[in-house]
Amino acid sequence: MTPNTDRNQTLFDRARQIIPGGVNSPVRAFRAVGGTPRFVQRAQGAYFWDANGQRYIDYIGSWGPMILGHGHPAVVAAVQKAVLDGFSFGAPTEREVELAEAIIALLPSIEMVRLVSSGTEAAMSAIRLARGATGRSKLIKFEGCYHGHADALLVKAGSGLATFGNPTSAGVPPEVVQHTLVLEYNNLAQLEEAFALHGNDLACLMIEPIAGNMNFVRSSVPFMRRCRELCTQHGALLVFDEVMTGFRVALGGAQSVYASAIPGFRPDLTVMGKVIGGGMPLAAFGGPRAIMEQLAPLGPVYQAGTLSGNPVATACGLATLRQISKPGFFEALSAKTRSLVDGLNGAAAAEGVAFSADCQGGMFGFFLLSELPQNYSQVMKSDGTKFNLLFHGLLDRGIYIAPALYEAGFVSAAHTDADIAATISAAREVFRTLK
Ligand SMILES: *Cc1c(COP(=O)(O)O)cnc(C)c1O
C-alpha cells in the first residue's frame, strides 16, 4: 500500500505531531519492531480492524483484559445499563460492594479489597500499605517484572546485593530507589543472600508469580516456596502482582496455581488489574483484614481516588467476572491456548526453527530459543532480528501479536479453532523464511 492511501500512516503522522511518539503508552509505537502502528477502528470477538479496514486476529486483547473477546454481549449490556444510571458520583455504590465480594469469593487470600483505576496505582498503593503496615522501607523486586511506573519501581540492579537499585528512567531521583533491591528471577542463591543481608528491614517482596512483562516466565515452585518462607520468617509481606495473571491464568489467579503445588500457600497482598476491569480502567489491591485496615480512613496509610470504583468500570468488570466464573470456562480457554502453543511448537520443529513456548490458562509466551528462559537475561538472548521478521510476517498475514519480544500473548474465549489453525499455518509459513 502506498503511504498516501495508508490511513494508519496518516493517523500516525498526525499523532506524532501532538502526542509524544504518536502513542499514549510506549510499546504501541512499534519502535522495537519497526513499521507503522495499526490504529484500531473497531473490534469484535477475536478480531480488530485497523484504519485501512484490514482485519487482524488479536492476540493482545488490550494486554490481557479482553478475556471474553471484544464486545461480549453480556458485558456490553451491563456497561450500557450502567452508563444510563450515571458516569461517576464520588460517592459509594452497590456495584463496588458487589465487585469486592466477587473478588474475595475468588481469591481466598483476600479478606478486604480496595478498588483503584490502574495497575500502576494499585501496585504503588500496595507498596505504601506494606511499608505502612510493617514500619519498614526496603523492598525486593525482580529484574524483568513490571509493576507499573511508580518511581520506586523503575529500577535496575545495583552493583551487588549490598547495594540498592539505580533508576531506569530519567526523572527518578536515585534517593527514591535507594530502598529497592532488584534480584534475578528464579535465582534462589540471590534470594537467600538478600534476605540474610536485609531481611529484617524488608517491607515486602513484590513479584509477578508468572511474569508476563518479560514475555512469559514462571517462577519455579521451589523458588516461590522459598519466597514465602523467607517473607514469613523475616516479617516481610509477600506481594503478588497479579495485574496480568489474575483471573487470566486461572479463575483463582496464579496464586491458585502455586497453592496447588505448595499446600497452604497464599500471598499476603495481591495487586489486580486488567481482567477485573474487562477493558475499562479498573484495578485493585487486597489482602488480610488486619493489613487492609491500615488504609485511610481506618488507618494511617493514605490512599484515595476521584474515579476509584467507577460505576461504569465496575459494571464492566463484574459482568466479565460473572462470565469467566461459569463452569468450564477456564478448561476451554486453557485447552484452546494449549492447542495454539502446541501447534506453534510443531510448526517451528517442522521448519527447523529453534523455538520454545509455554502457557497457563489464557496467557502464553514463546521464544526463538530452544529452551524456555528462567530469567530476564535469558529472555534477552532471544534473536531480536528474527523476532521482528516473525512479527511482521504474522502481521502481514492478519495476525497481531505483541510488537516486542518481551511481551506475553493472550487468547480469549472468542478465538475459534479456525483462528488458532490459521495462526499456526501462518506461523509455519513465516518460520520457513527464518532459517
Ligand atoms: C499491566 C501491568 C501493570 C500496570 O498496570 P497499568 O494498568 O498499565 O498501570 C502492573 N503490573 C503488571 C504485572 C502488569 O502486567
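Within the range 261-290, the only residue that satisfies the criterion of being within 11 Å of the ligand (Cβ to nearest atom), assigned to a loop (DSSP other than H, G, I, E, B) and among the aliphatic types (A, V, I, L, M) is Leu282. Scanning the range 250-260 for residues that are over 18 Å from Cys231 (Cα atoms) and either in a loop (DSSP other than H, G, I, E, B) or away from the ligand (no atom under 12 Å from the Cβ) (or both) yields a count of 6. A residue that is farther than 27 Å from Gln374 by Cα, crowded, with 21+ Cβ neighbours inside 10 Å and of a type in the set (Lys, Arg) cannot be found anywhere in the range 74-81.
Inspect the range 6-18 for any residue being touching a strand residue (DSSP E or B) at 6+ places or on another chain (Cβ under 9 Å) and either surrounded by 15 or more Cβ atoms within 10 Å (Cβ to Cβ) or modelled with pLDDT under 95 (or both) and give the result as yes or no. Looking for residues that are touching a strand residue (DSSP E or B) at 6+ places or on another chain (Cβ under 9 Å) and either surrounded by 15 or more Cβ atoms within 10 Å (Cβ to Cβ) or modelled with pLDDT under 95 (or both), one finds at least one in the range 6-18, hence yes. Which one of these is more than 21 Å from Arg226 (Cβ to Cβ) and either polar (S, T, N, Q) or outside the structural domain of Lys141 (by TED's automatic domain parsing) (or both): Gln178, Gln190? Criteria check complete, one pass: Gln178. Of the residues screened, Tyr59 is one that is within 16 Å of the ligand (Cβ to nearest atom) and among the aromatic types (Phe, Trp, Tyr).
Just one residue in the set Val172, Val176 is outside any strand (DSSP E or B) and touching a Pro at 6+ places or on another chain (Cβ under 8 Å); that residue is Val176.
Per-residue answers, yes or no, for (1) at pLDDT 95 or above; (2) farther than 28 Å from Phe216 by Cβ; (3) away from the ligand (no atom under 14 Å from the Cβ); (4) assigned by TED's automatic domain parsing to the domain that holds Glu193:
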site	(1), (2), (3), (4)
Thr120	yes, no, no, yes
Ala130	yes, no, yes, yes
Thr134	yes, yes, yes, yes
Leu139	yes, no, yes, yes
Gly148	yes, no, no, yes
Ala157	no, no, yes, yes
Ala162	no, yes, yes, yes
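If the condition is being buried (at least 24 other Cβ atoms within 10 Å of the Cβ), within 16 Å of the ligand (Cβ to nearest atom) and in a strand (DSSP E or B), then the range 214-249 contributes Val217, Leu238, Val239, Phe240, Asp241, Glu242, Gly246. Looking only at residues in the range 347-372 that are over 23 Å from the mean Cα position of the chain (by Cα) and surrounded by fewer than 18 Cβ atoms within 10 Å (Cβ to Cβ), the one that is nearest to Phe223 (Cα to Cα) is Ser370. Scanning the range 281-302 for residues that are buried (at least 20 other Cβ atoms within 10 Å of the Cβ) and in contact with a strand residue (DSSP E or B) (Cβ under 6 Å, 6 or more places away or on another chain) yields a count of 7.
Cβ-Cβ distances below 7 Å connect the following pairs, each with a first residue in the range 7-34 that is in contact (Cβ under 8 Å) with a residue 60 or more places away in the chain, a second residue that is part of a helix (DSSP H, G or I), and a separation of six or more residues or different chains: Val33/Asn388; Val33/Phe391; Val33/His392; Gly34/Asn388.
Against the conditions (1) within 16 Å of the ligand (Cβ to nearest atom); (2) surrounded by fewer than 20 Cβ atoms within 10 Å (Cβ to Cβ); (3) not polar (S, T, N, Q), Ala91 satisfies every one except (1).
The values are calculated or read from the model by the stated rules, or taken from the named source; none is laboratory data. Keep in mind that this is a model prediction, so the values were computed, not measured. Every residue, glycine among them, receives a Cβ derived from its backbone with ideal geometry; neighbour counts consider all protein chains shown.
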